[in-house]
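Input: a single structure, listed below in structure tokens.
The values are calculated or read from the model by the stated rules, or taken from the named source; none is laboratory data. Every value quoted in this text rests on a predicted model; they were computed, and no experiment measured them. Please note: Cβ atoms are built from the backbone with ideal geometry, for glycine as well, and neighbour counts cover all protein chains shown.
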């Protein structure tokens, strides 16, 4: 049986439970997912030298790390060729591209420092999302940025945030796609603090000052991202879940951003997505795989990944949830890491689109819970792989593991010479 024949057979099986697989494939082709540039160079960026600081750490030393903007773009291109679906580019501010002999500190960054990224994105029909970089910089004073009691330090980082607002609007105007600008800081304390409220009041004021910068709210979507704790701030994190949710709720146009690695191991973001969609017109999501807390492993087609995608689809949130990948594994081929993660999230979305959510909802509402359990279990062995293969064929990318042959060739011919 050919792949096309297998698809037609699978299509009939799904049709029996009320699913139009052609429509599911067509829908998924229009759902943008942001691909994070920082997987390709272990979050190093181009505006500083030395190790990562500020609660960020990439582990591993696999050969072939991108060292220049061009190498990073080449590596992303290699990955993009192997990924089905619609993409956006996700940048950190530390990836500014300076002309030879030029440098601008983070509070002085301008749109022109990202012109090459705009050119890259436009040539590939991609929008751009953006993140101010509040780490790995000499002006992170005593581990603090926007919550610092030192006003000069705080002003530097506020000015950086304002610069990023202007750059985000530039991205949106140049690409014709709204830019999601995410604010995350690693501020906190390793041991028990004497003042928990003061840093949060300073952080609140800092974000408000950043958002006072004039921008078109249809073009720029500012977010605040929470975290439980980080490296070196195990006892207290300024930007907690309660803080960021409350800030977004009380500031029009500001979105909450959930990273599913930023919670207690027994918490699941799949349960939080429908809760937030009850109140927020739009939310943002960073998708990772937290083996141990925020360990930023490559996204796989695992249970929680599938549940997050299911909740987005069944809550009719595909137009309300801004989705972006966020992980950095330096222990494996970095281009393969991009490809596996993106394809895994696409599989999860396709699985969600091929789930008879209305029928399952009726079973729940009618208290036919035994039948609901059985149906949910039966769906796990439906031939999604044949639907996935058809989706990949229509997108012009490899449908099976043969894509890894391209990665191996690229590693042998390019990465091993770095």
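Looking at (1) assigned to a loop (DSSP other than H, G, I, E, B); (2) over 16 Å from residue 183 (Cα atoms); (3) in contact with a strand residue (DSSP E or B) (Cβ under 7 Å, 6 or more places away or on another chain), which one does residue 276 not meet, given that it meets all the others?
Condition (1) is where residue 276 drops out.
Restricting to helices (runs of 4 or more DSSP H) lying wholly in the range 321-418: which have 3 or more residues that are within 24 Å of residue 85 (Cβ to Cβ) and either outside the structural domain of residue 303 (by TED's automatic domain parsing) or modelled with pLDDT of 95 or more (or both)?
Numbers: elements: 334-353, 357-365, 369-379, 384-395, 403-413.
Passing ranges, in order: 334-353, 384-395, 403-413.
Working only within the range 279-295, note down all residues that are closer than 23 Å to residue 179 by Cα and either out of contact with any strand residue (DSSP E or B) (no Cβ under 8 Å at 6 or more places or on another chain) or part of a loop (DSSP other than H, G, I, E, B) (or both). So that I can check it myself, show each step before the final result.
Narrowing the range 279-295 to residues closer than 23 Å to residue 179 by Cα: 279-288.
Hits for the range 279-295 are 279, 280, 281, 282, 288.
Spot the failing condition for residue 324; the list is (1) buried (at least 22 other Cβ atoms within 10 Å of the Cβ); (2) within 25 Å of residue 177 (Cα to Cα); (3) touching a helix residue (DSSP H, G or I) at 6+ places or on another chain (Cβ under 6 Å), and only one is missed.
(3)
Do you know which of the residues in the range 79-110 that are part of a helix (DSSP H, G or I) and either at pLDDT below 95 or within 19 Å of the chain's Cα centre (by Cα) (or both) is surrounded by the most Cβ atoms within 10 Å (Cβ to Cβ)? Please lay out each step first, then the result.
Step one: of the range 79-110, the residues part of a helix (DSSP H, G or I) are 79-80, 93-95, 106-108.
Filter once more, so that each one left must be either at pLDDT below 95 or within 19 Å of the chain's Cα centre (by Cα) (or both): 79-80, 93-95.
Numbers: 79: 26, 80: 18, 93: 22, 94: 21, 95: 24.
Ranking the qualifying residues of the range 79-110, first place goes to 79.
A quick yes/no check of all residues on (1) in the same structural domain as residue 58 (by TED's automatic domain parsing); (2) farther than 26 Å from residue 360 by Cβ; (3) out of contact with any helix residue (DSSP H, G or I) (no Cβ under 6 Å at 6 or more places or on another chain):
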site	(1), (2), (3)
257	yes, yes, yes
275	yes, no, yes
282	yes, no, yes
286	yes, yes, yes
294	yes, yes, yes
298	yes, yes, no
311	yes, no, no
315	yes, no, no
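Any idea which of (1) loosely packed, with under 11 Cβ neighbours inside 10 Å; (2) closer than 16 Å to residue 314 by Cα is the one residue 369 doesn't satisfy?
In the conditions (1) loosely packed, with under 11 Cβ neighbours inside 10 Å; (2) closer than 16 Å to residue 314 by Cα, residue 369 misses (2) alone.
Does residue 56 fit the bill of being closer than 30 Å to residue 317 by Cα, touching a residue at least 60 places away in the same chain (Cβ under 8 Å) and surrounded by fewer than 22 Cβ atoms within 10 Å (Cβ to Cβ)? First the steps, then the outcome.
Working: closer than 30 Å to residue 317 by Cα: no; touching a residue at least 60 places away in the same chain (Cβ under 8 Å): yes; surrounded by fewer than 22 Cβ atoms within 10 Å (Cβ to Cβ): yes.
For residue 56, the condition - closer than 30 Å to residue 317 by Cα, touching a residue at least 60 places away in the same chain (Cβ under 8 Å) and surrounded by fewer than 22 Cβ atoms within 10 Å (Cβ to Cβ) - is not met.
Out of the helices (runs of 4 or more DSSP H) lying entirely within the range 115-225, which hold 2 or more residues that are in contact (Cβ under 8 Å) with a residue 24 or more places away in the chain and out of contact with any helix residue (DSSP H, G or I) (no Cβ under 9 Å at 6 or more places or on another chain)?
Numbers: elements: 115-123, 151-175, 197-211.
Counting at least 2 such residues, we get 151-175, 197-211.
Anything in the range 24-49 that is modelled with pLDDT of 95 or more, surrounded by fewer than 16 Cβ atoms within 10 Å (Cβ to Cβ) and out of contact with any helix residue (DSSP H, G or I) (no Cβ under 8 Å at 6 or more places or on another chain)? List them, or say none.
Those that are modelled with pLDDT of 95 or more, surrounded by fewer than 16 Cβ atoms within 10 Å (Cβ to Cβ) and out of contact with any helix residue (DSSP H, G or I) (no Cβ under 8 Å at 6 or more places or on another chain): 26, 30.
Among the residues of the range 20-45, how many are in a helix (DSSP H, G or I) and farther than 27 Å from residue 70 by Cα?
The qualifying residues number 8.
Anything in the range 260-281 that is surrounded by fewer than 20 Cβ atoms within 10 Å (Cβ to Cβ) and under 21 Å from residue 305 (Cβ atoms)? List them, or say none.
Taking the range 260-281 and keeping what is surrounded by fewer than 20 Cβ atoms within 10 Å (Cβ to Cβ), we get 263-268, 270-271, 274-275, 277-281.
Once the filter is applied, which keeps residues that are surrounded by fewer than 20 Cβ atoms within 10 Å (Cβ to Cβ) and under 21 Å from residue 305 (Cβ atoms), the range 260-281 yields 263, 264, 265, 266, 267, 268, 270, 271, 274, 275, 277.
Among the residues that make up the range 131-146, is at least one of them surrounded by 15 or more Cβ atoms within 10 Å (Cβ to Cβ) and at positive phi? First the steps, then the outcome.
Here is the first cut: in the range 131-146, the ones surrounded by 15 or more Cβ atoms within 10 Å (Cβ to Cβ) are 131-137, 139-141, 143-146.
Right, trim to at positive phi and you get 136, 143.
Within the range 131-146, one or more residues are surrounded by 15 or more Cβ atoms within 10 Å (Cβ to Cβ) and at positive phi.
Of all the residues that make up the range 230-259, how many are buried (at least 18 other Cβ atoms within 10 Å of the Cβ), modelled with pLDDT under 95 and within 21 Å of the chain's Cα centre (by Cα)?
Total meeting the criteria: 1.
Surrounded by 18 or more Cβ atoms within 10 Å (Cβ to Cβ) and in a loop (DSSP other than H, G, I, E, B) - does that describe any residue in the range 4-14?
Scanning the range 4-14, I find no residue that is surrounded by 18 or more Cβ atoms within 10 Å (Cβ to Cβ) and in a loop (DSSP other than H, G, I, E, B), so the answer is no.
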